[in-house]
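The values are calculated or read from the model by the stated rules, or taken from the named source; none is laboratory data. On a predicted model such as this, the values are computed, not experimentally measured, just so you know. Backbone-built Cβ (ideal geometry, glycine too); neighbour counts: all protein chains shown. To get the accessible areas, we keep the full protein, side chains included, count just its heavy atoms, and leave off ligands, DNA and RNA. Shrake-Rupley method; radii C 1.70, N 1.55, O 1.52, S 1.80 Å.
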Amino acid sequence: MRNAAIIVAAGLGRRAGDGAQPKQLRPLGDKPVFQWSIEAFRAHSRISEIVLVVPSGMQNMFSNWNLPEIRIVEGGETRSESVLNGLNTLRANPPNTVLIHDAARPGLDQATISELIAALQHADAAAPALPVADALKRWKHNRASTLDRQDLYRVQTPQAFQFEAIHTALSAKTGLVDDLAAIEAQNGTVKLIEGREALGKITFPEDHVRMERLLMPPLAAPRFGTGFDVHSLEPGDHVTLCGVAIPHTQQLVGHSDADVAWHALTDAILGAAALGDIGDHFPPSDPQWKGVDSAVFLKHAVEIARAAGWALSSCDLTIICEAPKIKPHRDAMRASTAQITGLPVTAIGLKATTTEGLGFTGRGEGIAAQASAVLSALPPQNEE
Ligand code: MG
């Protein structure tokens, strides 16, 4: 048994687009709409070949994507002609069955493909369909009348066919509302399987938004963390803050380079990811961290947060001291923080304040720093 798939992307479908880009090329999540269907068919073990029917003269727009082993065919004037073009390319070595699918229905799942192939064992054609839930009215000559919706169904795609049956039927009659109609016209047997909301078609812009909500798992809410650190001062010639050596008459005391600002930021990131604190990862008792560049700590925090599914998206720092003056070094400190964290400089806030001469910072005995960090959820990894 060989089963082929034809994906019809030949309609220009600009109603749901931004005016210039056809709806089947618009991005939905990490890929264009049509590619969702390609991946669904490709993932199914019983689909052996895929034909993509594209608008005539628009093959170039589709060649931007990597589509190995996909046959790209030009569409015709009507949907039926486009499908027929797809069928004709399969004609030389015809499959037993063919599933014909709208590219504008990105929510195709594996079970639907399996059920359709199974249904063809006892029918010329099969399609997913949903009962009509709303009341149906006919409105004519200013009068409403009620239709019985009991036996009415909304038919979706893929529509599945015995290859010879659909090729013969469509060759005889084109210009139909869907491919199933060609089989009906020949009195062929049709089986309906249960349709799915995710198989809905993107026609209007709001359909695109709805489909995105259905197909893209919602991302977790951002996480927020805070950090605080203090290091004492002793006589010296510079302090290191955010990796920048700032000339001063004192230096910061600590096991590492005592970069109080990056220590606070490291804790803010670890805090937002709920991954402990800087002391858990770099115990001061461990001699390997003696005199180490605090960039190592900061980088590690960003990396383990990422491994846990969180990307640093912004941070804000406050340095609390009487001296040295921070402002002249602010841009250099933001730039070095950007370099280590991978953040754009514009996502890094950096401020300095004094404590009006009060307390240990006011007396010049130490420098304090506080930091906040926001982590955004990374999209889940594709496990295919
Ligand atoms: Mg510290």
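A few remarks follow.
- When restricted to residues that are without any contact (Cβ under 8 Å) to a residue 12 or more places away in the chain and part of a loop (DSSP other than H, G, I, E, B), region 31-56 contains 1.
- Residues (at pLDDT below 95 and surrounded by fewer than 13 Cβ atoms within 10 Å (Cβ to Cβ)) located in region 190-208: E197, F204, E206
- In region 99-129, the residues that are of a type in the set (G, A, S), part of a helix (DSSP H, G or I) and under 9 Å from K191 (Cβ atoms): A119
- In region 140-166, the residue that is surrounded by the fewest Cβ atoms within 10 Å (Cβ to Cβ) out of those that are touching a residue at least 40 places away in the same chain (Cβ under 8 Å) and farther than 17 Å from E194 by Cα is E164.
- Test: A111 is exposed (fewer than 15 other Cβ atoms within 10 Å of the Cβ), modelled with pLDDT of 95 or more and aliphatic (A, V, I, L, M): yes
- Of the listed requirements (1) free of Cβ contacts under 8 Å to residues at least 24 places away in the same chain; (2) more than 30 Å from L90 (Cα to Cα); (3) of a type in the set (D, E), E184 misses just one: (2).
- Subset of region 27-58 [open to solvent by 60 Å² or more (accessible area, probe 1.4 Å) and of a type in the set (D, E, K, R)]: D30, R42, R46
- On the stretch given as region 287-317, residues that are part of a helix (DSSP H, G or I) and touching a helix residue (DSSP H, G or I) at 6+ places or on another chain (Cβ under 6 Å) total 7.
- Close pairs from region 83-95: first under 21 Å from L120 (Cα atoms), partner among the aromatic types (F, W, Y) and surrounded by fewer than 20 Cβ atoms within 10 Å (Cβ to Cβ), Cβ under 6 Å, at least 6 apart: P94/F163; P95/F163
- Among the numbered conditions (1) within 16 Å of E322 (Cβ to Cβ); (2) surrounded by 14 or more Cβ atoms within 10 Å (Cβ to Cβ); (3) more than 13 Å from the ligand (Cβ to nearest atom), the only one that E234 does not meet is (2).
- Single match in T249, T157, T226 (criterion: within 16 Å of the ligand (Cβ to nearest atom), of a type in the set (S, T, Y) and at pLDDT 90 or above): T226
- Qualifying positions in region 59-73 - open to solvent by 70 Å² or more (accessible area, probe 1.4 Å) and within 18 Å of V98 (Cα to Cα): E69, R71
- Candidates W289, W262, W310 - the one that is away from the ligand (no atom under 16 Å from the Cβ) and of a type in the set (F, W, Y): W310
- Close Cβ contacts (under 7 Å, 6 or more residues apart or on different chains) running from residues in region 295-315 that are closer than 19 Å to V244 by Cα to residues that are part of a loop (DSSP other than H, G, I, E, B) and open to solvent by 30 Å² or more (accessible area, probe 1.4 Å) comprise A295/G243.
- Subset of region 74-108 that is open to solvent by less than 10 Å² (accessible area, probe 1.4 Å) and of a type in the set (V, I, T) - its residue that is nearest to the chain's Cα centre (by Cα): I100
- Considering (1) open to solvent by 60 Å² or more (accessible area, probe 1.4 Å); (2) within 23 Å of V253 (Cα to Cα); (3) away from the ligand (no atom under 16 Å from the Cβ), the lone condition that E303 does not fulfil carries the number (2).
- All positions within region 219-266 that are farther than 15 Å from L298 by Cβ, touching a Lys or Arg at 6+ places or on another chain (Cβ under 9 Å) and in contact (Cβ under 8 Å) with a residue 40 or more places away in the chain: I246
- Condition check for I348: open to solvent by less than 30 Å² (accessible area, probe 1.4 Å), out of contact with any His (no Cβ under 8 Å at 6 or more places or on another chain) and without any contact (Cβ under 8 Å) to a residue 40 or more places away in the chain: yes
- The test for being in contact with a helix residue (DSSP H, G or I) (Cβ under 8 Å, 6 or more places away or on another chain), more than 28 Å from V345 (Cα to Cα) and within 11 Å of the ligand (Cβ to nearest atom) holds for H255.
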